[in-house]
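Everything on this sheet refers to the single structure shown next.
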Ligand SMILES: [Ca+2]
Ligand SMILES: [Ca+2]
Ligand SMILES: [Ca+2]
């Protein structure tokens, strides 16, 4: 930490005076509403990262043992050139036989016996517009439910995007919602960043496949404008250094006065010294 601080101070002293004097730039004209995708590798074709996964599951890969972690990426059963996520949902009979069924409180097989989670890199507050797009199919026709969670398996609200009707052929789902305070809040903690899909809705069990997943939010900001004031300038550099010093530098980012996705200037899912140099470079070279 001490070394990092020293490095930042050096950079700061070297670049900032020049930036302050002559190169402050006005980017008001470039501002517009856009949708920003907050999942990584949504088409499941890239290398899975060890640092961060957008896609989690609570499932039963062996019928007796609960698995809670990154989702399983497999070859698409309908297209050998494509990859997708596969989630296995055990049947009610298998769950009862295993003796560890997650029930609904009344002894019944619960929809949340198996859950697929899409986890955003960014927390959201109420009022945000969220848009979900994905392709989905299942071995058995089913209606699955969507919930708002804080992190995977940290429940916020029973409904997010409504129910989704899934059939045995690939179909594209598109949903949009404005987050309510109930969706965005868990107890005293503001912030929602996870869509939960409750999959155990057919007692016979099921197998689900998901692909081409996007979770987007409506944004007014642009890269480098961390404080969302319409300009990319020295104040954004100091905000960026603040974020680094506070250590909130990898997804999922907390909600603060700064836009962390705007801070990750080179889009590598890490906010670090490289972003500081890229941002300073951008400010110096902007006409
Ligand atoms: Ca794919
Ligand atoms: Ca700014
Ligand atoms: Ca970065």
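The values are calculated or read from the model by the stated rules, or taken from the named source; none is laboratory data. For clarity, every value in this text was computed on a predicted model and none was experimentally measured. In this analysis, Cβ positions are derived from the backbone assuming ideal geometry, glycine residues included, and neighbour counts consider all displayed protein chains.
Numbers below:
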| read-out | value |
| --- | --- |
| Any hit, the stretch 96-104, residues being farther than 24 Å from residue 257 by Cβ, in contact with a helix residue (DSSP H, G or I) (Cβ under 6 Å, 6 or more places away or on another chain) and in a loop (DSSP other than H, G, I, E, B) | yes |
| Yes/no for residue 259 being more than 11 Å from ligand 3 (Cβ to nearest atom), outside the structural domain of residue 53 (by TED's automatic domain parsing) and closer than 24 Å to residue 41 by Cα | yes |
| Test: residue in the stretch 185-198 that is in contact with a helix residue (DSSP H, G or I) (Cβ under 9 Å, 6 or more places away or on another chain) and either within 16 Å of ligand 2 (Cβ to nearest atom) or within 14 Å of residue 111 (Cα to Cα) (or both) | yes |
| Some residue of the stretch 225-244 being more than 16 Å from ligand 2 (Cβ to nearest atom) and modelled with pLDDT of 95 or more | yes |
| Total residues in the stretch 77-95, condition under 23 Å from the mean Cα position of the chain (by Cα) and either within 16 Å of ligand 3 (Cβ to nearest atom) or closer than 13 Å to residue 45 by Cα (or both) | 4 |
| Hits in the stretch 243-268 (condition: surrounded by fewer than 16 Cβ atoms within 10 Å (Cβ to Cβ) and in contact (Cβ under 8 Å) with a residue 24 or more places away in the chain) | 245, 250, 254, 257 |
| Failed item, numbered, when residue 97 is tested on (1) touching a residue at least 60 places away in the same chain (Cβ under 8 Å); (2) farther than 30 Å from residue 226 by Cα | (1) |
| Candidate set: the stretch 264-279, residues that are near ligand 3 (Cβ under 8 Å from one of its atoms) and assigned to a helix (DSSP H, G or I); chosen: the one farthest from residue 40 (Cα to Cα) | 278 |
| Some residue of the stretch 123-146 being under 30 Å from residue 258 (Cα atoms), in a strand (DSSP E or B) and within 16 Å of ligand 1 (Cβ to nearest atom) | yes |
| Filter pass, residue 112 being surrounded by 16 or more Cβ atoms within 10 Å (Cβ to Cβ) and assigned to a strand (DSSP E or B) | no |
| Residue identified as in a loop (DSSP other than H, G, I, E, B) and either in the same structural domain as residue 97 (by TED's automatic domain parsing) or surrounded by 21 or more Cβ atoms within 10 Å (Cβ to Cβ) (or both) among 226, 240 | 226 |
| Only listed residue being crowded, with 17+ Cβ neighbours inside 10 Å and in contact with a strand residue (DSSP E or B) (Cβ under 9 Å, 6 or more places away or on another chain), chosen from 126, 120 | 120 |
| Output for the stretch 24-51, where each listed residue is loosely packed, with under 13 Cβ neighbours inside 10 Å and either under 22 Å from residue 151 (Cα atoms) or at pLDDT 90 or above (or both) | 49, 50, 51 |
| Number of the condition not met by residue 199 [criteria: (1) at pLDDT 95 or above; (2) surrounded by fewer than 16 Cβ atoms within 10 Å (Cβ to Cβ); (3) under 30 Å from residue 96 (Cβ atoms)] | (2) |
